[in-house]
1. Just the residues that are exposed (fewer than 15 other Cβ atoms within 10 Å of the Cβ) and either at pLDDT below 95 or not in a loop (DSSP other than H, G, I, E, B) (or both), please, taken from the range 55-70.
2. With (1) part of a helix (DSSP H, G or I); (2) at pLDDT 90 or above; (3) polar (S, T, N, Q) as the list, and GLN202 as the residue in question, which single condition is left unmet?
3. Can you give me the number of residues within the range 1-15 that are over 27 Å from PRO110 (Cα atoms), part of a loop (DSSP other than H, G, I, E, B) and of a type outside the set (Asp, Glu)?
4. What number of residues within the range 134-168 satisfy the criterion of being surrounded by 13 or more Cβ atoms within 10 Å (Cβ to Cβ), part of a helix (DSSP H, G or I), out of contact with any strand residue (DSSP E or B) (no Cβ under 6 Å at 6 or more places or on another chain) and of a type in the set (D, E, K, R)?
5. Filter the range 52-71 for residues that are among the aliphatic types (A, V, I, L, M) and free of Cβ contacts under 8 Å to residues at least 40 places away in the same chain and give the result.
6. State the number of residues belonging to the range 16-54 that are surrounded by fewer than 17 Cβ atoms within 10 Å (Cβ to Cβ), assigned to a loop (DSSP other than H, G, I, E, B) and over 17 Å from the mean Cα position of the chain (by Cα).
7. So which residues in the range 71-97 are buried (at least 18 other Cβ atoms within 10 Å of the Cβ), touching a Lys or Arg at 6+ places or on another chain (Cβ under 9 Å) and in a strand (DSSP E or B), if there are any at all?
8. So in the range 98-129, with the set limited to residues that are in contact (Cβ under 8 Å) with a residue 60 or more places away in the chain and assigned to a loop (DSSP other than H, G, I, E, B), which one is surrounded by the most Cβ atoms within 10 Å (Cβ to Cβ)?
Amino acid sequence: MASGIRYDLAVRDPEYVRELVTHHVGGYLKIAPEHTEEGPLSKMMKPGMDSYDEFKAMFDRFSKEAGKEQYLIPYFIAAHPGCEDKDMLNLALWLKKNNFRLDQVQTFYPSPMTMATAMYYSGRDPLHKVRYKGDKVFIPKDMEQRRLQKALLRYHDPENHELLRKALKKMGRGDLIGDGPNQLIPSAKALERKPASSRLHQKKSLGRK
């Protein structure tokens, strides 16, 4: 699996992307959009999803031209400074829409000498002028909230469904509970109607796109 690249820079040079995709990807390529929403992305100094969409279009086109079956593996993170529950919900809906089921996910933890850690402890954004009474950055520190945000990244995991059903109702998004194609998780009643063998098969078959 090829390691991650700065895809937002790569799209400026299509010939570079063609060379990369044709000769240097062994089936999978990791890239790190990290989020889909402007709030957390602005704190990460990351580009919006337009860059991801542009790179993916190039990646798919050049893979097809090379006669190779290859896939992008996007990386996302939960509970980053600036990330609210509604941001994680929108990310989960994007994952569902694009048929991604993430196996491995990460929750933000502060580490030395990083801008995000400065935000985590200060509640301020050092990327902008810091004022005593300036705007504060939302920091998801509560353990239950961090658990919820991570669960939204793995919306497809049955072990998270009870937590997510409660959270969605509390957020006023009970419309996302059910069996419809635009709903995020199944209802408890829908799950009860499935035979035990079917539920076990569903759990074992969970995987990445």
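1. Answer for the range 55-70, where residues must be exposed (fewer than 15 other Cβ atoms within 10 Å of the Cβ) and either at pLDDT below 95 or not in a loop (DSSP other than H, G, I, E, B) (or both): ALA57, ASP60, ARG61, LYS64, GLU65.
2. (2)
3. 3
4. Of the residues in the range 134-168, 2 are surrounded by 13 or more Cβ atoms within 10 Å (Cβ to Cβ), part of a helix (DSSP H, G or I), out of contact with any strand residue (DSSP E or B) (no Cβ under 6 Å at 6 or more places or on another chain) and of a type in the set (D, E, K, R).
5. ALA57
6. 3
7. Within the range 71-97, LEU72, ILE73, PRO74, ALA78 meet the criteria.
8. Checked the range 98-129; the qualifying residue surrounded by the most Cβ atoms within 10 Å (Cβ to Cβ) is LEU102.
The values are calculated or read from the model by the stated rules, or taken from the named source; none is laboratory data. Quick caveat, the model's predicted, so the values are computed rather than measured. Note that we place each Cβ from the backbone using ideal geometry, even for glycine, and neighbour counts take in every protein chain shown.
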